[in-house]
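Chemist: Here you go, one structure.
The values are calculated or read from the model by the stated rules, or taken from the named source; none is laboratory data. Predicted model, so just to flag it, every value in this text is computed and none were measured. Cβ atoms come from the backbone with ideal geometry, glycine included; neighbour counts cover every protein chain shown. We work out accessible area using only protein heavy atoms, side chains counted, and drop any ligands, DNA or RNA first. Shrake-Rupley method; radii C 1.70, N 1.55, O 1.52, S 1.80 Å.
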Amino acid sequence: MPNPNITLYHANWSFCSQMVRVALCEKGFSFDKHHIKLCDQYPEGENIDKEYLAINPLGTVPAIKIDKNIICGSEEIIYQLDKIDSIDNHSLYPDNVDETEIRKWAADTTITDGVEFASTLGTIMPVFSSPLLQYMIKQLPFSSIVKILLRHPRKDRKMIFIAMYFGNPSKMIPFMGVKNYVDEILKLEKLFSDGRTFFYNTFSHVDINLMCVFNRLIDLGLEETVSYKTPFLYKYWENLKSRKSYEDGILNYYTDKEKDLLSEFNKNYNSSVLKAIIKEIDKRKIIETIDHGKDVDGFHPINVG
């Protein structure tokens, strides 16, 4: 089957754009790219210009055009991409796993609208990223904030950006995600303790999302939370990093702007959140040792057949 005509509207550092680029690489699809300069990083704020709002009225990335159809949101984009036959016919939805289950995990590991604040691994990432977001917003000219206030279609985003520009809400926000994050990390550690290579043994949509989650932890100086404290998860992360799609879909899109931004941010940002996470992991491990043999609360290992 010939490669469909694909145009991706994305941003280099965007969490969800990374997911879609990795999926495109895994499927072996060639695609045209339109880089959108997001209003939280660039004065141009192209995602709230009328040209882009005609493509995605929410003003978010990614969006994709497949032949004549436009799809928005990484979860749905990847799901639809997987329905298209590729050269190697690699499926991101393995036949031996219930599709509903994969979609549930995919939703839990990306930024999903309508999901309770910091309740899933995907929605915890923006919470941890809030100091970096605030750092970027405070560097914007005042005219950009006015443009966001006047043009951004989402009231919640407007309020967040304005609060960050004039105040310092990100000082405490990341701590709101610590306990739920440790819950999710320890669930995954238990899952990978059976020696599996990927989430369902074969690389899937869930692995794409987790690749991007763990990569974001590097950006935020939090990678230590999936290292020696969680050895099975660390091995899994090494497997993810070894895939060519990690380099082609994520690392190759870090330009000097992103690298310089992260360097300056991490130079000035003392992450007490990392200490809080490590402390919480240690506390849970002590409890598990005392209560040996019981599952982490609410978690039952997935049977992948």
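Chemist: Criterion first (outside any loop (DSSP other than H, G, I, E, B), of a type outside the set (Lys, Arg), crowded, with 17+ Cβ neighbours inside 10 Å and under 17 Å from the mean Cα position of the chain (by Cα)) does ILE185 satisfy it?
Modeler: Working: outside any loop (DSSP other than H, G, I, E, B): yes; of a type outside the set (Lys, Arg): yes; crowded, with 17+ Cβ neighbours inside 10 Å: yes; under 17 Å from the mean Cα position of the chain (by Cα): yes.
Answer is yes for this residue.
Chemist: Okay, next question. Given MET176, MET172, MET125, which one is of a type in the set (A, V, I, L, M), under 19 Å from LEU222 (Cβ atoms) and loosely packed, with under 13 Cβ neighbours inside 10 Å?
Modeler: It is MET172.
Chemist: Restricting to the range 4-41, and then to whatever is basic (Lys, Arg) and in a helix (DSSP H, G or I), can you tell me which residue is modelled with the lowest pLDDT?
Modeler: The residue in question is LYS27.
Chemist: Separate question: Only one of these is of a type in the set (Val, Ile, Thr) and free of Cβ contacts under 8 Å to residues at least 24 places away in the same chain: ILE145, ILE137, ILE185, ILE173. Name it.
Modeler: ILE145
Chemist: Answer yes if at least one residue in the range 162-182 is of a type in the set (Lys, Arg) and over 30 Å from GLU101 (Cα atoms), and no otherwise.
Modeler: Looking for residues that are of a type in the set (Lys, Arg) and over 30 Å from GLU101 (Cα atoms), one finds at least one in the range 162-182, hence yes.
Chemist: Being part of a helix (DSSP H, G or I) and touching a residue at least 24 places away in the same chain (Cβ under 8 Å) is the filter here; which residues of the range 106-125 pass it?
Modeler: Once the filter is applied, which keeps residues that are part of a helix (DSSP H, G or I) and touching a residue at least 24 places away in the same chain (Cβ under 8 Å), the range 106-125 yields ALA106, ALA107, LEU121, GLY122, ILE124, MET125.
Chemist: Does the range 231-248 include one or more residues that are at pLDDT 95 or above, in a helix (DSSP H, G or I) and within 12 Å of TRP13 (Cβ to Cβ)?
Modeler: No, there is no match, as no residue in the range 231-248 is at pLDDT 95 or above, in a helix (DSSP H, G or I) and within 12 Å of TRP13 (Cβ to Cβ).
Chemist: Turning to a different aspect of this structure: Restricting to the range 96-122, name every residue that is closer than 16 Å to ILE78 by Cα and of a type outside the set (S, T, N, Q).
Modeler: Selection gives GLU99, GLU101, ILE102, ARG103, LYS104, TRP105, ALA106, ALA107, ASP108, ILE111, GLY122.
Chemist: With the checklist (1) under 25 Å from VAL213 (Cα atoms); (2) open to solvent by 60 Å² or more (accessible area, probe 1.4 Å); (3) modelled with pLDDT under 95 in hand, flag the one item SER91 doesn't pass.
Modeler: Checking SER91 against (1) under 25 Å from VAL213 (Cα atoms); (2) open to solvent by 60 Å² or more (accessible area, probe 1.4 Å); (3) modelled with pLDDT under 95, the one that fails is (2).
Chemist: Something else now. What is the residue count in the range 59-78 for residues that are in contact with a Lys or Arg (Cβ under 9 Å, 6 or more places away or on another chain), open to solvent by 20 Å² or more (accessible area, probe 1.4 Å) and assigned to a loop (DSSP other than H, G, I, E, B)?
Modeler: Total meeting the criteria: 1.
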